[in-house]
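S.K.: Dropping a structure here in structure tokens format, bear with me for questions.
The values are calculated or read from the model by the stated rules, or taken from the named source; none is laboratory data. Remember, predicted model here, so these are calculated numbers, not experimental data. When we count neighbours, we look across all protein chains shown, and the Cβ atoms used for this are built from the backbone with ideal geometry, even at glycine. With ligands, DNA and RNA removed, areas are computed over all heavy atoms of the protein, side chains included. Shrake-Rupley method; radii C 1.70, N 1.55, O 1.52, S 1.80 Å.
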Amino acid sequence: MPIQRRTVLLSTLVAALAGCGFELRRAPELHFKAIQLTGFKPQSPLAADLRRALQSVNATRVVEAASQAEVVLESLNDVREKGVVSSGTAGQVLEVQLRSRFSFRLQTPSGKELIPASEIVLGRDMTYNEGIALAKEHEENLLYRAMENDIAAQVLRRLASVQAL
């Protein structure tokens with residue numbers, strides 16, 4: 001009898017989850033097959049993240065020449081910022097805020113604007129201790145990398161909103 005109860009309970013739970021509309025997040029669907037990335041600093045981690053994300057979606061190619069591209073993603077600003085949030089009575093820094101700011105626009109190679117100049121700003125707070133400065137520097141780099149991954153995902157979702165070229 002307990003096995004039948006578990007089976008009924010498990011079947012009910014599976015049916016409830018199937019009917020609730022839950023669905024795993026899928027990669028966005030892009031309406032173009034070739035994109036050029038311009039305006040990025042050499043060896044930009046954000047450009048590498050975007051390139052990797054774009055190539056994983058619907059066989060989208062990242063090309064070097066505008067003549068091969070259907071759209072051009074232009075980086076207008078890609079900045080990492082750091083500011084003090086709080087300090088102790090002796091003036092030592094206790095908490096900092098890290099910000100990653102990315103401005104971009106999307107247009108066709110002929111200059112038709114598809115996404116006007118847009119900005120994505122992400123911030124993370126981090127405690128700071130001079131006694132473990134090397135570990136905090138490593139943590140800072142990890143937080144910046146995580147923010148850049150988030151920015152790449154947000155840019156991908158915005159690119160998916162472009163319907164017609």
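S.K.: Can you tell me the length gained on complete extension of the stretch Q163 to R52, counting 0.36 nm per residue apart and subtracting the Cα distance?
M.R.: Details: separation 111, 0.36 × 111 = 39.96 nm, distance 2.20 nm.
My answer for the length gained is 37.8 nm.
S.K.: Further, regarding this structure: Of all the accessible heavy-atom surface of the stretch 25-165, with the other protein chains kept in place and a 1.4 Å probe, what percent is carbon and sulfur?
M.R.: Numbers: 3800 of 7860 Å².
Carbon and sulfur together cover 48 percent of it.
S.K.: Calculate, for the chain, the solvent-accessible area per residue in square angstrom, rolling a 1.4 angstrom probe over the heavy atoms of the protein chains.
M.R.: Details: 10320 Å² over 165 residues.
Accessible area per residue, the chain: 63 Å².
S.K.: Moving on to the next point. Residue by residue through the stretch 146-151, which ³J(HN,Hα) values in whole Hz follow from phi under the Karplus form 6.51 cos²θ - 1.76 cosθ + 1.60 (θ = phi - 60°), with glycine and proline marked x?
M.R.: 5, 5, 5, 5, 5, 5
S.K.: Any idea what the alpha-carbon Rg over 2.2 N^0.38 Å comes to for the chain? The partial results should precede the final answer.
M.R.: Numbers: Rg = 22.3 Å, N = 165, 2.2 N^0.38 = 15.3 Å.
Ratio of Cα Rg to 2.2 N^0.38 Å: 1.45.
S.K.: Quick query: amide H of S87 versus all other amide H atoms, modeled in the peptide plane; which residues come in under 5 Å with a sequence gap of 5 or more or a different chain?
M.R.: L94
S.K.: Still on this structure, please answer the following. Can you run phi through the Karplus equation (6.51, -1.76, 1.60; θ = phi - 60°) for the stretch 99-106 and list ³J(HN,Hα) in whole Hz, with x for Gly and Pro?
M.R.: 10, 10, 10, 10, 10, 7, 8, 10
S.K.: Follow-up question, since we're still on this one. Determine ³J(HN,Hα), in whole Hz, for all residues of the stretch 77-91 in sequence, where each value follows from phi through the Karplus function 6.51 cos²θ - 1.76 cosθ + 1.60 and θ = phi - 60°; x replaces Gly and Pro.
M.R.: The phi angles translate into 7, 9, 10, 9, 10, 9, x, 7, 9, 8, 9, x, 5, 8, x Hz.
S.K.: Let me check against my output: what whole-number percent is the relative contact order of the stretch 70-165, with C-alpha pairs under 8 Å and at least 6 apart? Each step should come with its number before you reach the end.
M.R.: Working: 147 pairs, mean separation 23.7, N = 96.
It comes to 25 percent, rounded to a whole number.
S.K.: Treating the beta-carbon of each Lys and Arg as +1 and of each Asp and Glu as -1, no other charges, what is the dipole magnitude of the chain about its Cα centre, to the nearest 20 debye? Mind dumping the intermediate values first?
M.R.: Working: 20 positive and 18 negative charges, 126 e Å.
Roughly 600 debye for the chain.
S.K.: If all Cα-Cα distances of the stretch 95-165 are sorted into 10 Å bins from 0 onward, what percent lands in each bin, rounded to whole numbers?
M.R.: Each 10 Å bin holds this share of Cα pairs: 18, 37, 23, 15, 7, 1.
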